[in-house]
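What follows is a set of notes on a single structure, which appears directly below.
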Amino acid sequence: MTAAARRVRARARVTGTVQGVGFRPFVYRLAHEHGLAGWVLNDEHGVLLEVEGPAPELSHFFDRLSADAPPLARVERVERLLVPVPVERVDDREPGFRIVSSVRVGDPDALIAADAATCDDCLAELRDPGDRRCRYPFINCTNCGPRFTIVRGVPYDRPLTTMASFSMCEACRREYEDPGDRRFHAQPNACPVCGPRVRLLDAAGRTMAITPRIWGSDRQPSGGDPISALAARMGEGAIAAVKGLGGYHLVCDAANERAVAAMRARKHREHRPFALMVRDVAAARQLVTPDACGAQLLISSARPIVLAPRIAGCGVAESVAPGASELGVMLPYTPLHHLLLGDFAGDALVMTSGNVSDEPIAYRDEDALERLGAIADLFLVHDREIETRTDDSVVRSVTVGGRRPLMLRRSRGYVPESLTLPIGAPAPLLACGAEQKSTFCVARGERAWVGHHIGDLEHVATLTAYREGIDHFQRMFAVAPELVAHDLHPDYLSTQYALDLDDLELVGVQHHHAHLAACLAEHGVMEPAVGAIFDGTGLGADGTVWGGELLVGDLRGYERAGWLWPVRMPGGAAAVRQPWRMAAAWLREALDAEPPVPAALGGTVSVSDWHAVSRIARVPELSPLTSSIGRLFDAVGVLCGAPARVSYEGQAAVELEALAWTAGAQASGGGYPFERAAGCVLDPRAALRDLVSELDRGVAAADVSARFHAGVAAASVDAVTAIASARGLETAVLSGGVFQNRLLLERVAAGLDAAGLRVLVPQRLPPNDGGISFGQAAVAAAQ
Ligand SMILES: [Zn+2]
Ligand SMILES: [Zn+2]
Ligand SMILES: [Zn+2]
């Protein structure tokens with residue numbers, strides 16, 4: 001027997017996101033192409049396969065196994081070993097290649113894929129009048145469609161999804177069972193005959209139109225097509241609640257000022273910008289100017305909301321994003337969205353979370369009808385249940401060593417992709433996260449799963465979603481926690497959740513250390529680094545409120561090497577929603593005297609309130625010390641004209657950044673001077689004195705903002721490089737909610753890079769508190 005003809009057999013274990021993404025049919029086709037015998041199956045660790053054939057063919061097969069994997073698959077590891085060719089078959093070959101049914105043993109690791117936008121093949125069928133799924137709003141295949149949002153358990157199989165109640169018709173069943181078909185084992189496979197249906201309801205919940213069971217000109221329902229009927233009403237200014245992939249959206253014509261303003265009023269959402277949905281990238285370019293990275297994000301299968309600079313006079317109603325320099329835009333990601341945008345006569349739809357104020361987004365039909373009844377004139381609903389409420393993700397492109405995405409909210413399209421802990425957890429663990437923009441994280445060994453964005457835990461409904469989310473993840477990934485990591489803040493509801501768990505080992509992790517550790521762990525860095533953690537507020541180890549921290553540390557521990565000059569936060573948390581209080585505190589600190597009410601606050605804050613707050617600021621019991629840079633940005637924002645009272649945290653800082661961009665972000669005259677006091681304390685008092693005197697002289701607020709940003713950036717670069725060189729460190733981490741500010745992030749990163757430091761910023765997780773749970777997990781595992 002020649003070497004080339006010699007048959008060998010190999011067994012391989014493939015791990016990563018390899019279920020529900022068409023991986024087995026891919027292996028099947030690949031084996032056929034190389035003339036290999038064997039089998040493949042899904043189990044709870046991923047995909048297991050054996051292939052047998054001539055040695056060179058086997059080696060080609062394995063080369064292509066990772067390289068040519070299906071678009072939604074994420075192959076993390078292929079471990080293979082040679083196994084003996086069964087003796088009785090050396091001459092009598094195994095007949096062909098088989099797909100063996102799923103087996104269920106042990107703990108599930110098999111990763112469930114995130115939801116993916118409708119693929120081009122499915123879109124072509126959706127628009128083909130001759131196709132049996134023409135205009136069917138639930139068309140999907142192994143390369144696209146719902147995943148995480150419909151999963152009830154593992155392994156990922158139809159009975160364990162919310163598609164369980166729909167039994168496939170004969171045509172769908174044939175596709176599902178044919179390994180050569182692109183719908184082979186596509187669990188949500190459906191068609192107009194057997195699948196979910198869309199219904200248009202009026203505000204009272206009465207059906208106005210429903211998708212027919214079979215499409216064709218002679219069988220249209222009496223009410224017409226529900227989606228085109230809705231699109232027509234949108235054109236007339238109606239507000240609708242539309243059931244999507246992870247929850248309900250509130251939708252209206254983005255060009256209709258009256259409709260948008262009405263939606264804002266009914267939703268009780270004063271300022272926070274609304275996201276938009278447009279047909280395609282060309283339509284997006286009519287509204288915003290995304291760079292290449294932003295455009296790539298728009299068309300990615302995760303289909304996040306992409307923030308990009310808005311085009312002045314782009315025709316979007318003023319109340320969509322008042323005062324914002326950017327717009328959040330996304331492209332359709334379900335067939336239903338494609339049909340709706342296709343039928344809609346206008347250019348852009350407002351597509352914002354279906355909730356009132358800050359409550360969690362509605363995702364159950366009855367709840368949606370009840371909660372959104374006072375907002376929406378119409379409801380577009382369907383009968384495929386959403387198992388897990390999942391908000392749209394939000395991302396923007398930044399320049400940090402080249403163009404790259406910066407995650408601001410990680411949810412639909414990304415969750416539940418796993419992350420790797422550089423030091424594996426010694427026992428199954430749960431990390432409870434923070435309070436705002438809350439997420440949780442479960443981990444087993446090196447694998448960690450960060451949950452979907454839950455939101456601010458202060459609402460009862462959000463807290464319920466948080467508890468349910470933790471239970472779901474623990475079941476899905478078979479994590480029965482023995483270790484529980486939590487924030488040091490005793491009042492956070494996430495901390496209280498941790499403390500209420502019985503008989504588990506608790507690990508308290510300082511908030512800013514968690515920010516630092518999250519970024520280090522994401523990049524797999526174990527050695528110490530210097531981190532500039534610029535944040536809103538978090539409880540410090542000394543009992544004061546931190547948020548402008550220069551930490552030296554690694555996954556195990558940290559040391560506070562520097563911080564922002566601390567001031568009193570008048571009235572504590574009240575200063576977050578009333579940033580004028582921070583302006584009062586900082587002016588007192590900088591001017592060393594009782595400052596008069598600044599011109600920018602004229603009319604919005606009374607002289608008596610101003611002085612009352614100055615008095616409160618002198619009472620330590622009422623006004624904790626804070627080193628938060630977020631609060632400093634708030635104060636400067638107010639001095640530059642942002643509202644004295646805001647409707648979401650950081651609003652004044654967001655408006656301050658927008659102002660700087662209107663000045664082209666150019667700081668003519670350079671940044672305001674910060675001093676570096678002993679112990680690497682950043683002292684902004686001289687900068688504030690300059691800033692106030694420029695404003696008094698009538699210098700434009702936009703220019704003042706640009707100079708302030710430049711000053712903070714220069715001071716940060718100076719302090720970080722000083723610490724790094726004193727300690728012999730080569731790596732710098734930039735994280736914390738303040739680094740959502742693109743101008744600041746890019747300036748500081750460029751400065752540190754020029755100084756020869758390796759700069760790490762969060763990549764797959766947000767720099768804000770959405771990344772805290774992963775950092776807590778990394779610290780608890782390492783300690
Ligand atoms: Zn598809
Ligand atoms: Zn069917
Ligand atoms: Zn934070």
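The values are calculated or read from the model by the stated rules, or taken from the named source; none is laboratory data. Small disclaimer: the values here were computed from a predicted structure and weren't measured. Positions of Cβ are generated from backbone atoms using ideal geometry, with glycine treated the same way; all protein chains shown enter the neighbour counts.
Any residue at all in region 203-213 that's within 13 Å of ligand 2 (Cβ to nearest atom) and either out of contact with any strand residue (DSSP E or B) (no Cβ under 6 Å at 6 or more places or on another chain) or acidic (Asp, Glu) (or both)? Checked region 203-213: at least one residue is within 13 Å of ligand 2 (Cβ to nearest atom) and either out of contact with any strand residue (DSSP E or B) (no Cβ under 6 Å at 6 or more places or on another chain) or acidic (Asp, Glu) (or both).
Scanning region 596-626 for residues that are without any contact (Cβ under 8 Å) to a residue 40 or more places away in the chain, within 25 Å of Gln436 (Cα to Cα) and of a type in the set (A, V, I, L, M) yields a count of 0. Within region 715-743, the set of residues being within 16 Å of ligand 3 (Cβ to nearest atom) and either surrounded by fewer than 24 Cβ atoms within 10 Å (Cβ to Cβ) or not hydrophobic (A, V, I, L, M, F, W, C) (or both) comprises Ser735, Gly736, Gly737, Gln740, Asn741. Reported count of residues in region 385-426, each being outside any strand (DSSP E or B) and of a type in the set (A, V, I, L, M, F, W, C), is 3. Residue pairs whose Cβ atoms lie under 7 Å apart, separated by 6 or more positions or on different chains, with the first residue in region 533-555 and over 14 Å from Leu682 (Cβ atoms) and the second within 16 Å of ligand 2 (Cβ to nearest atom) and of a type in the set (D, E, K, R), do not occur.
Residues being within 15 Å of ligand 1 (Cβ to nearest atom), touching a residue at least 12 places away in the same chain (Cβ under 8 Å), closer than 26 Å to Arg371 by Cβ and under 27 Å from the mean Cα position of the chain (by Cα) are entirely absent from region 185-198. Looking across Ala376, Ala362, one residue alone is assigned to a loop (DSSP other than H, G, I, E, B), at pLDDT 95 or above and among the small types (Gly, Ala, Ser). It is Ala376.
Between Ala561, Ala521, the distinction of being modelled with pLDDT of 95 or more, buried (at least 23 other Cβ atoms within 10 Å of the Cβ) and touching a strand residue (DSSP E or B) at 6+ places or on another chain (Cβ under 8 Å) belongs to Ala521 only. Which ranges mark the helices (runs of 4 or more DSSP H) fully within region 159-278 that have 3 or more residues being among the small types (Gly, Ala, Ser)? In region 159-278, 226-235, 257-267 are the helices (runs of 4 or more DSSP H) which contain 3 or more residues that are among the small types (Gly, Ala, Ser).
The number of residues in region 118-149 that are over 21 Å from Pro70 (Cα atoms), assigned to a helix (DSSP H, G or I) and in contact with a strand residue (DSSP E or B) (Cβ under 9 Å, 6 or more places away or on another chain) comes to 0.
Quick one: would you say Ala706 is more than 23 Å from His523 (Cα to Cα), out of contact with any Lys or Arg (no Cβ under 6 Å at 6 or more places or on another chain) and buried (at least 21 other Cβ atoms within 10 Å of the Cβ)? Answer is yes for this residue. If you go through region 143-151 one residue at a time, do you hit one that is over 25 Å from the mean Cα position of the chain (by Cα) and crowded, with 18+ Cβ neighbours inside 10 Å? No, region 143-151 has no match at all. Restricting attention to region 312-324, does a residue exist that is assigned to a strand (DSSP E or B) and either surrounded by 21 or more Cβ atoms within 10 Å (Cβ to Cβ) or in the same structural domain as Ala665 (by TED's automatic domain parsing) (or both)? Within region 312-324, none of the residues are assigned to a strand (DSSP E or B) and either surrounded by 21 or more Cβ atoms within 10 Å (Cβ to Cβ) or in the same structural domain as Ala665 (by TED's automatic domain parsing) (or both). Exactly one residue among Ala529, Ala593 is over 21 Å from Leu656 (Cβ atoms), hydrophobic (A, V, I, L, M, F, W, C), without any contact (Cβ under 8 Å) to a residue 24 or more places away in the chain and not assigned by TED's automatic domain parsing to the domain that holds Pro428, and that residue is Ala593. Screening Glu458 on (1) in contact with a strand residue (DSSP E or B) (Cβ under 6 Å, 6 or more places away or on another chain); (2) outside any strand (DSSP E or B); (3) surrounded by fewer than 17 Cβ atoms within 10 Å (Cβ to Cβ) shows it passes everything except condition (1).
With Gly508, Gly531, Gly548, Gly538 as the choices, which residue is assigned to a strand (DSSP E or B) and surrounded by fewer than 24 Cβ atoms within 10 Å (Cβ to Cβ)?
That would be Gly508, the only listed residue that is assigned to a strand (DSSP E or B) and surrounded by fewer than 24 Cβ atoms within 10 Å (Cβ to Cβ).
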